[in-house]
Amino acid sequence: MKKKDIATGAVGLALLGTTAAGLAGWYTEHRRVADLESQVAELRLQEKRSSVVRSVSKQMEEIAYQQKEISDEQREEAIQQKRTAEEMRHRSEVERQNALIAQEKAVVSEQQAQEARLVAESERQMADHQRVQAEFSKRVADTLSYVTLGRSLGSLSLVQSRLGNTELAALLAYASYLYVDRYKADVYYPAVFQSLMTASQSKRTWFTHRGSLMGVAYASDNNNSLVTVSSYGEIVKHLKQGDHLRSDILLSNKDYDFRDVYIDEDSTIYAVSRSGHLAIIRSNAAQVIPVEALEHPMWVTKLDDSSVLLTGDRGLAVYDKQRRMIVATRELDFHLTAASRYNNMPILFDDKGRQHIVKDINELQTSAAPVSGRVTAFASSKTSKRQVFGMSDGTIYLYDEKDQKLTKLEGHLSRISKLKLNNLRLVSSSYDGTVKFWNTASAKVEPMTMLTADSWIMNFDFDNSKNYAWIGDRNGNLMEALLSVPMLVDLVRKNLKRNFTQDEWDYYIGKNVPYEKFVTDSRKEVRP
């Protein structure tokens, strides 16, 4: 290779290297310039941004300053509000304390008011109690005054009746009832009840038997029909028609000595004769059969639905109604003194102080009687749970089954012949010739005489209404006595002829009691 070519190549290479180096340097510078321009552009952009940011920041600063001013104002306002709130809280606390003090005062005042109200209520109640007590005391005083007046008027009525002043006696009896009844006192008080019985003139007497009237029985199907038997062998049927008594003899034979009579539910009449006979009357047809095994038959009563019990001095007999004959007899080893009924069963009393409830002729429930002595009559009441025992000496004993209390009733002078107990009201008859009424509901049981006869009272019975008592005596008289106070009052009132004169009123009743008329000018009754 030629040195020229080599030099040329070397110069070319050197030129090429220089060119390449120049290009490289240009490129590098161009790039640096581009970078610087880019940086300048970026810096300008950043400057713009910074300017914007500064502007925004300035605006934000201004806003911040404004907000700070607002915040400072709000803070001041909050501080002021806080101060106000503190003042209000303080005031509230003061008010609360004042309220608590006021509440305490109010509580104290309320307590004082409550105490004052209670005191006032207590005083009012005490005043009301004293007023009620005063009114009650006045009512009691008025009641006692008028009840005492009524009872005294009854006694005066009885006196006037004995003197024959029947008009005045009736006025006094009616006034006696009115004042006792108005003040809810006992109209069965002896003076009141007896004055009404006397003034009513309701007692009637009929002579119906030649012998002693020994038995009285009421027919269950007719309140106006009854049957009586006598010791002269008579069986008489009576029918009350108004004020009249129609009497028909069903059997009359002086060989018989009838002592008791019983009327069955079918209206069959059974009468026992001490002579040892049983008379049976059906549809007014009489049949007499002997009772040979029974000594001295004295009482007859129902045993059960199919048979009748006959009782003698020392034995029992049973009559069968279907077979129409005596079907059983029993001899007793004791003497019987009385026969009656207790709890729908026959009860017997003997001379050894015992009582026997007859459940069957062969079954006697025997126990000691709660009384000592000879029992001649007995009665009981399921309603009041009481028993009464009539004795041979005229004493009556009232026995309360609930508390087993025995009370002695005195008023009769001789043997008690019959007792009837209607709840708490007792009627008794005696050989002393009296029939007495007892109100056993009273604290002090006292007798009042309903009827007085000239001979022994042998027997009596109530009608079905329990308003009338029919009574037989030893002389054969049949007497009727009205027991109902309302009916007695009606009779007395209807028979009043006049009113009290003013002088009579002032004398018997008193000037302080307002005058009343019991009869109008037209003669019609006035019930005050």
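The values are calculated or read from the model by the stated rules, or taken from the named source; none is laboratory data. Given the structure is predicted, the values throughout are model-derived calculations rather than measurements. Cβ placement follows ideal geometry from the backbone for every residue including glycine, while neighbour counts extend to all protein chains displayed. Please note that ligands, DNA and RNA were not included when accessible areas were found on the heavy atoms of the full protein model with its side chains. Shrake-Rupley method; radii C 1.70, N 1.55, O 1.52, S 1.80 Å.
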**Request:** Kindly provide the Kirkwood hydrodynamic radius of segment 31-122 in Å, to one decimal, from all pairs of distinct alpha carbon atoms.
**Result:** 20.4 Å
**Prompt:** Taking square-rooted eigenvalues a ≥ b ≥ c of the alpha carbon gyration tensor, is segment 363-457 rounded, prolate or oblate, where a/c under 1.5 means rounded and, failing that, a/b exceeding b/c means prolate?
**Reply:** oblate
**Item:** Point-to-point label distance, Asn165-Asp186, nm (Cα→Cβ direction, 7 Å offset)
**Value:** 2.9 nm
**Prompt:** In square angstrom, rounded to the nearest 10, how much accessible surface does Arg324 have for a 1.4 Å probe?
**Reply:** 130 Å²
**Item:** Cleavage-rule hits, trypsin sites (Lys or Arg not before Pro), segment 396-451, DSSP coil, Cβ neighbours within 10 Å at most 13
**Value:** Lys402, Lys444
**Message:** A 18 angstrom limit on the alpha carbon distance is what I want to check against. Which of Lys203/Lys240; Lys382/Lys420; Lys408/Lys436; Lys436/Lys466; Lys405/Lys444; Lys352/Lys408 exceed it?
**Reply:** Lys352/Lys408
**Approximate spin-label separation Ala102-Arg54, in nm, with each point projected 7 Å along Cα-to-Cβ** = 6.8 nm
**Request:** At 1.4 Å probe size, with no ligands or nucleic acids counted, give the accessible surface of Tyr508 in Å², nearest ten.
**Result:** 50 Å²
**Asked** Applying 1/(1 + (r/R0)^6) with R0 = 25 Å to the Cβ-Cβ distance of Lys444 and Ser145, what FRET efficiency is obtained, to the nearest 0.05?
**Response** 0.75
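What is segment 210-284 by shape, rounded, prolate or oblate, if you read a ≥ b ≥ c off the alpha carbon gyration tensor as root eigenvalues and call it rounded for a/c under 1.5, prolate for a/b larger than b/c, and oblate otherwise?
The shape class here is oblate.
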**Message:** Using a Cα-Cα cut-off of under 21 Å, which lysines could be cross-linked to Lys82, ignoring same-chain neighbours fewer than 8 residues away?
**Reply:** Lys68
**Complete:** Relative contact order in percent for segment 377-528 (Cα pairs under 8 Å, 6+ apart) equals 12 percent
**Message:** Quick check on the chain: helices-only [θ] at 222 nm, where DSSP H runs of length 4 and up contribute -39,500 (n - 2.57) each and the sum goes over total residues. Nearest 500, please.
**Reply:** -14000 deg cm²/dmol
**Request:** Would you rank Lys321, Lys511, Lys382 by solvent-accessible area, highest first, keeping every protein chain in place and using a 1.4 Å probe?
**Result:** Lys511, Lys382, Lys321
**Prompt:** What ranking of Arg89, Arg498 comes out by heavy-atom accessible area, probe 1.4 Å, highest first?
**Reply:** Arg89, Arg498
**Prompt:** Kyte-Doolittle mean at least 0.0 and Cα extent at least 18 Å along the axis: which DSSP H helices of the chain qualify?
**Reply:** 166-182
**Request:** Give the share of C-alpha pairs in each 5 angstrom bin for segment 406-506, from 0 to the last occupied bin, in whole percents, shortest bins first.
**Result:** 2, 11, 20, 20, 16, 12, 8, 6, 4, 1
**Asked** When N is the residue count of segment 228-340, what does its C-alpha Rg come to as a fraction of 2.2 N^0.38 Å?
**Response** 1.07
**Fill in**
Here the net charge surrounding Lys408, from other residues whose Cβ is less than 15 Å away from its Cβ (Lys, Arg +1; Asp, Glu -1), is 0
**Prompt:** Using only the Cα atoms of segment 163-253, what do you get for the radius of gyration and for Dmax, in Å?
**Reply:** 18.3, 56
**Item:** Per residue accessible area of the chain, 1.4 Å probe, in Å²
**Value:** 57 Å²
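What's the Kirkwood radius of segment 246-300 in Å, using all Cα pairs?
Radius from the Kirkwood sum: 11.5 Å.
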**Complete:** Checked segment 359-415 with the C-alpha gyration tensor, a ≥ b ≥ c its square-rooted eigenvalues, rounded below a/c of 1.5, otherwise prolate if a/b is larger than b/c and oblate if not; verdict oblate
**Spacing of the two label points (7 Å from each Cα toward its C-beta) at Arg330 and Ile63, in nm** = 13.2 nm
**Request:** Quick one: grab Rg to one decimal and Dmax as a whole number for segment 147-186, Cα atoms only, in Å.
**Result:** 9.8, 31
**Complete:** For the chain, the accessible surface attributable to carbon and sulfur atoms (probe 1.4 angstrom, ligands and nucleic acids excluded) amounts in percent to 50 percent
**Fill in**
FRET efficiency for Glu110 and Lys511 from the Cβ-Cβ distance with R0 = 56 Å, rounded to 0.05, comes out at 0.45
**Message:** For a bin width of 10 Å, list the pair-distance distribution of the chain built from all Cα-Cα distances, rounded to whole %.
**Reply:** 3, 13, 17, 14, 9, 6, 4, 3, 3, 3, 3, 3, 3, 3, 3, 3, 3, 2, 2, 2, 1, 0
**Asked** So which lysines pass the test for Lys254, namely a Cα distance under 22 Å, with those fewer than 8 places away in the same chain ruled out?
**Response** Lys237
